[in-house]
1. Scan region 185-196 and tell me whether some residue there is more than 26 Å from C28 (Cα to Cα), touching a strand residue (DSSP E or B) at 6+ places or on another chain (Cβ under 7 Å) and more than 16 Å from ligand 1 (Cβ to nearest atom).
2. Across region 101-145, which residue is nearest to the chain's Cα centre (by Cα) among those that are among the aliphatic types (A, V, I, L, M) and within 10 Å of ligand 1 (Cβ to nearest atom)?
3. Within region 194-234, how many residues turn out to be in contact with a Phe, Trp or Tyr (Cβ under 8 Å, 6 or more places away or on another chain), within 16 Å of ligand 2 (Cβ to nearest atom) and more than 23 Å from N130 (Cβ to Cβ)?
4. Is region 122-139 home to any residue that is within 16 Å of ligand 2 (Cβ to nearest atom) and in contact with a Cys (Cβ under 6 Å, 6 or more places away or on another chain)?
5. Looking only at region 257-281, which residues are of a type in the set (G, A, S) and surrounded by 17 or more Cβ atoms within 10 Å (Cβ to Cβ)?
6. What are the residue pairs meeting all of these: first residue in region 139-158, first residue farther than 19 Å from N173 by Cα, second residue of a type in the set (V, I, T) and within 10 Å of ligand 2 (Cβ to nearest atom), Cβ atoms under 8 Å, and 6 or more apart or on different chains?
7. Pick from I292, I284: which is buried (at least 16 other Cβ atoms within 10 Å of the Cβ) and not in a helix (DSSP H, G or I)?
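Just so you know, all these numbers are worked out from the coordinates, no wet-lab data involved. The shown structure was predicted, so the numbers you read here are calculated from the model rather than taken from an experiment. Virtual Cβ from ideal backbone geometry, glycine too; neighbours counted across all protein chains shown.
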Amino acid sequence: MVSLKNVIDEEIACQEWFLPGNSCCAGCGLEIALRWAMKALGPKTAMITPASCLNVVIGLWPKTAPNFSQFNMAFAAGAAAATGVSAAFKAKNYKFPGQGWDEMVSICFAGDGGTTDIGIQGLSGAAERNSNIIYVCYDNEAYMNTGIQRSSSTPHGALTTTTPFGKERYKKNVPAIMAAHEIPYVATCSISEPLDIYEKFKKAKSIEGCKYIQIFAPCPPGWGYLAEESIEIARLAVKTGFWILYEIENGVLTLSKKSKSLVDPSKRVPIIEYVSKQKRFAGISEKTLIEIQERVDHDWEKIVDQLECQSR
Ligand SMILES: Cc1ncc(C[n+]2csc(CCOP(=O)(O)OP(=O)(O)O)c2C)c(N)n1
Ligand code: SF4
Ligand SMILES: [Mg+2]
């Protein structure tokens, strides 16, 4: 486990690669996610960004935020483009992850719409080929940049401009889909646990093959809460068990520190504590609230089953 002191002591962690003063909204979860991911990856990173809030934040001169190579990409082509960049590094004989600091990382950093809907075929292809890339989905649970439309990552019950009565379907479990591709590394993170983000990206960088990381990244205007509440909202998502922190390394599931004790249902904060703080769940019915809680419990049962299966 990396302690805060270790992290701060490392020169790379004291440097910023995704710069402040950019055009993200105040309290943007995406900004925190990328900032901490880049602390672990460093500047020898080539990043592909499909259409998204990030795409806009990155592109607005003179407030261009990345201090590393970055390519804007068409929505569906994120994973394929990252694969191409990785192949180019190989052809040019650049060093690959796990071989010291002189390494180049090819990463795709996409939103949930760009990942769970539009980019999933390219992502599945890259995973099946085991392309040497890190694919990141920052998950703000809707198409935020174009005005809060629902994505397949939007949770059940949430209001968006295209689900004015609350979303009927449940959130698509893309980390599980990626794990089913049998890639070497799948992980979930939350902006409320920045050191966990740092550690997981360090690990992803050291592994050859396709890595998938999904980061819970709340969005104040899209979810309807105050900018200063982003970390508290993300923390509650973890404490309620709504967002489970884990890694799947070569098929083996491990719960991360903040989620470990939540295998015991009595340790989970009731979902109402999380839901009631966001306007996107305003006016939610008792029935929907029960359904959301039941879904959380059901997701945990699957996690517990997998852990028990592994220990046999
Ligand atoms: C092919 C195509 N369709 C639609 C758009 C318009 N568009 C730009 S950003 C965006 C939303 C992306 O949502 P998501 O991937 O979740 O990222 P977020 O905006 O939430 O950061 C859309 C629909 C586009 N740029 N290209
Ligand atoms: S709309 Fe949401 S995701 Fe987009 S920049 Fe603002 S806070 Fe970040
Ligand atoms: Mg989104």
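1. Applying the first criterion (more than 26 Å from C28 (Cα to Cα)) to region 185-196 yields 185.
Filter once more, so that each one left must be touching a strand residue (DSSP E or B) at 6+ places or on another chain (Cβ under 7 Å): 185.
From what's left, more than 16 Å from ligand 1 (Cβ to nearest atom): 185.
Yes, region 185-196 has at least one match.
2. Applying the filter and picking the extreme gives A110.
3. The number of residues fulfilling the criteria is 5.
4. No, region 122-139 has no match at all.
5. Residues of region 257-281 that are of a type in the set (G, A, S), as a first pass: 259, 261, 266, 276.
Within region 257-281, just S259 meets the criteria.
6. From region 139-158, the pairs are N145/V56.
7. Matching residue, one of I292, I284: I284.
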